[in-house]
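Here's the structure we're looking at; comments come further down.
The values are calculated or read from the model by the stated rules, or taken from the named source; none is laboratory data. Because the structure is predicted, anything quoted here is derived from the model rather than measured. Glycine gets a Cβ as well: all are built from the backbone with ideal geometry, and neighbour counts include every protein chain shown.
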């Protein structure tokens, strides 16, 4: 007896056979994990990964530096949940040093200024260790390794890349939610009712379509102001047009099919016919355009941040990281700008591959 599978099970079986879609799914899953637990895995867990050490600016990937941890007079809270959401301000100041020696209760260090310069400074071991001198080397003198180097402010590139993932996924998620909501509602109404409803909605679509996307985003951003949430709304309000045109065409074709005519004959309401009988049958194109809009939103946000009207510093954004380090491309520090660019490329590719895979997986005509 042949085993029967539900629609979701059949979709997953087909999706598993698509190598590109699985690759995209893995990349997206990693990005989601990093965005949720970024502050717990990032080397620099300070808010916005903004711990600056200007003496070690623009260092190459793999750079290591010796630091003296000096206790801060302020005592900052470091709760686990607070760290998960916002990061925590470190209770230490980090002084880059080249060497040190101990003489009695004095710690004499050579503060790192640049590759050729250092300055001798003295510190009380008792004050540094809170009267526990035996813990000096264990707790107060550490070596940090910057796996992807540092930017022009001496911040850890890897940490800012990790925290910046949250911005890219958030802007994609909210922008897609706004665009799909507006596009599906307006497109379904235009395609199902036609007449004056279709004319009004198509007029609005054509007017919005005639305005270049970036110019429209600029205008909305200037009206709402620069900031974190404003950029989400601005991107979402510019991407609904393609969704509405697609949904309109699909609804116009499906509403003439026999099962829709039968539903009308049974006296079902228009809203029930649209939501229960038409929209579920255009799930494939919706998933594809949703994934495409997700990728587009990430690119638009990166472009706006690069131009200075998107995410504002010190909040990390991949586009902002490129802006801050793009001048290093023509020097021997090109990786400082290439790394966030590669991250954008991988995430955009992942959503496109997953969208194409979902399109094939939800195709009810497929026999794979």
All but one of (1) within 17 Å of the chain's Cα centre (by Cα); (2) touching a residue at least 12 places away in the same chain (Cβ under 8 Å); (3) in a helix (DSSP H, G or I) hold for residue 312, so report the exception by its number. (3)
Inside segment 317-336, can you point out the residues that are farther than 16 Å from residue 168 by Cβ, free of Cβ contacts under 8 Å to residues at least 60 places away in the same chain and touching a helix residue (DSSP H, G or I) at 6+ places or on another chain (Cβ under 7 Å)? 326, 329, 334
Over segment 239-263, the set of residues exposed (fewer than 15 other Cβ atoms within 10 Å of the Cβ) and part of a helix (DSSP H, G or I) is 253, 258, 259, 261, 262
Name the residue that is farthest from residue 111 (Cα to Cα), counting only residues in segment 60-90 that are crowded, with 19+ Cβ neighbours inside 10 Å and modelled with pLDDT of 90 or more. 65
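Every residue, every condition in (1) modelled with pLDDT of 90 or more; (2) surrounded by 18 or more Cβ atoms within 10 Å (Cβ to Cβ); (3) over 17 Å from residue 337 (Cβ atoms), yes or no:
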| residue | (1), (2), (3) |
| --- | --- |
| 273 | yes, yes, yes |
| 280 | no, no, yes |
| 283 | no, no, yes |
| 286 | no, yes, yes |
| 294 | yes, yes, yes |
| 302 | yes, yes, no |
| 305 | no, yes, no |
| 308 | no, no, no |
| 311 | no, yes, no |
Here's a check for you: in segment 39-56, which residue that is in contact with a helix residue (DSSP H, G or I) (Cβ under 6 Å, 6 or more places away or on another chain) and under 16 Å from residue 147 (Cα atoms) is surrounded by the most Cβ atoms within 10 Å (Cβ to Cβ)? 49
Of the residues 284, 357, 319, 341, only one is in a helix (DSSP H, G or I), in the same structural domain as residue 242 (by TED's automatic domain parsing) and closer than 21 Å to residue 33 by Cβ; which? 357
Go through 260, 176, 200, 217 for me and flag whichever is assigned by TED's automatic domain parsing to the domain that holds residue 352, touching a helix residue (DSSP H, G or I) at 6+ places or on another chain (Cβ under 8 Å) and over 30 Å from residue 34 (Cβ atoms). 260
